[in-house]
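Notes to accompany the following structure.
Here, each number is a calculation from the coordinates, and none is a lab measurement. Since the structure is predicted, the reported quantities are computational estimates derived from the model, not experimental observations. All Cβ positions, glycine included, derive from the backbone under ideal geometry; neighbour counts span all protein chains shown.
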Amino acid sequence: MFNRQAIAGSIIGGMAATQECLDICAKHQIWPDCQTIEANKIDWAYEQLQGNNKDGTRYVIDIKKSMANEAFISK
């Protein structure tokens, strides 16, 4: 403690453990619940993640589609 030494680690395992988990999920067709949104819905998605997201849905922002939306670009 006085020498300012620290011990750190990861509780998720290593690359091999992560790959094994992904392989098992693929084998059994276990997929995450994801919803693709445009950047203009980011405030809504943030609200969903703050408490209304009981099913664990994750939100992915489609940057290419957001940039093509002229209503979003002009703001």
Pairs of lysine in the chain with Cα under 27 Å and at least 8 positions apart or on different chains: total?
7
By how many degrees, 0 to 90 and rounded to 10, does the Cα axis of helix 15-27 deviate from the longest principal axis of the chain?
50
Stretched out fully, how many nm does the piece from HIS28 to SER66 gain, at 0.36 nm a residue minus the Cα gap?
10.3 nm
How about the stretch 1-62: which trypsin sites (Lys or Arg not before Pro) there are in a DSSP loop, with at most 11 other Cβ atoms within 10 Å of their Cβ?
ARG4, LYS54
Loop-only check: which chymotrypsin sites (Phe, Trp or Tyr not before Pro) in the chain are DSSP coil with at most 15 other Cβ within 10 angstrom?
PHE2
quick shape note, the chain: Cα extents on principal axes in Å, largest first -> 55, 44, 26
